[in-house]
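The values are calculated or read from the model by the stated rules, or taken from the named source; none is laboratory data. What you see is a predicted model; the values in this text were computed from it and never measured. Glycine gets a Cβ as well: all are built from the backbone with ideal geometry, and neighbour counts include every protein chain shown. With ligands, DNA and RNA removed, areas are computed over all heavy atoms of the protein, side chains included. Shrake-Rupley method; radii C 1.70, N 1.55, O 1.52, S 1.80 Å.
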Amino acid sequence: MPITVDQLKQKLENELEATHLDIVDTSDGCGAKFQALIVSPKFDGKPLLQRHRMVNTAIETEMKEIHAFQMKTLTPEQWEKQNS
Amino acid sequence: MNRLSVSRLFHLNNRKLFQALIARYSVDTGSKDYIDGLVKDDNVVVFMKGTADQPRCGFSNAVVQILNFHGVNKFSFHNVLEDESLRQGIKDYSNWPTIPQVFIGGEFIGGCDVMLEMHKNGELIEELNKVGIRSVLLDRIEEEEKK
């Protein structure tokens, strides 16, 4: 079964308490390529590599099927700043 | 040298070559020990799809472009498409699920997104500096400042 955006959102909401998620399937539907913007308070004080590792862990099962997962990981403060 | 010794020498060399080949190809290229050696082999080591000259994935290509942009044209790379054992091994080694993977000074730096971010925020210049590589971007920045 191809991985869906909803499936990833659910995982990231549960595991990372993501407050904002923007996930786009860029694979034309085969479910192997995604672009994601993930905003989570859990990223606070964590360096970039660590944040990416947290995401990779949260969607570990899905990552086995996914070929490419591009991500931006922001804290709620960073997200707010970017939008203001 | 008479004919006999030439043929013996040839035989000996052949056997040595044969043994060297066996040693090389019986190595488990996905093992921690083997990869430990690879990542410390050079200041900058990239595990990628394709080669530095001909990357076979957009993300691998991006990583090479970023390095080149900083004047890093000589680095070690390993094409994981040629070695299934290494392809899985490197993912286990760094606990990172995707290719490409970049190592600087033997340390895992990240994949394409991390490299791009570090390129943008200047951290890449610092990381390269740690292993004695001066990014050519610094020269450009200094030139700009002089103007």
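Assorted remarks:
- Candidates B:GLY110, B:GLY105, filtered to the one that is out of contact with any Phe, Trp or Tyr (no Cβ under 6 Å at 6 or more places or on another chain), away from chain A (no Cβ under 14 Å) and either closer than 18 Å to B:TYR34 by Cβ or open to solvent by less than 60 Å² (accessible area, probe 1.4 Å) (or both): B:GLY105
- Restricting the range A:47-65 to residues that are of a type in the set (Val, Ile, Thr) and surrounded by fewer than 19 Cβ atoms within 10 Å (Cβ to Cβ), the residue that is farthest from A:ASP6 (Cα to Cα): A:THR57
- Counted residues, the range A:3-23 - those being more than 10 Å from the chain's Cα centre (by Cα) and under 18 Å from B:THR98 (Cβ atoms): 1
- The number of residues in the range A:47-63 that are acidic (Asp, Glu) and either facing chain B (nearest Cβ under 9 Å) or touching a residue at least 60 places away in the same chain (Cβ under 8 Å) (or both) comes to 1.
- Restricting the range A:26-46 to residues that are away from every other protein chain (no Cβ under 12 Å) and modelled with pLDDT of 95 or more, the residue that is surrounded by the fewest Cβ atoms within 10 Å (Cβ to Cβ): A:GLY45
- Test: residue in the range B:115-135 that is closer than 29 Å to A:ILE59 by Cβ and either more than 14 Å from chain A (Cβ to nearest Cβ) or touching a His at 6+ places or on another chain (Cβ under 9 Å) (or both): yes
- Of all residues in the range B:85-102, those being more than 12 Å from chain A (Cβ to nearest Cβ) and either crowded, with 18+ Cβ neighbours inside 10 Å or free of Cβ contacts under 8 Å to residues at least 24 places away in the same chain (or both) number 5.
- Cβ-Cβ under 8 Å pairs, at least 6 apart or on other chains, the range B:125-147 side of a type in the set (Lys, Arg), far side assigned to a helix (DSSP H, G or I): B:ARG134/B:LEU128
- All of B:VAL46, B:VAL80, B:VAL72, B:VAL64 fail the test of being away from every other protein chain (no Cβ under 14 Å), open to solvent by less than 60 Å² (accessible area, probe 1.4 Å), closer than 26 Å to A:ALA58 by Cα and of a type in the set (A, V, I, L, M, F, W, C), apart from B:VAL46.
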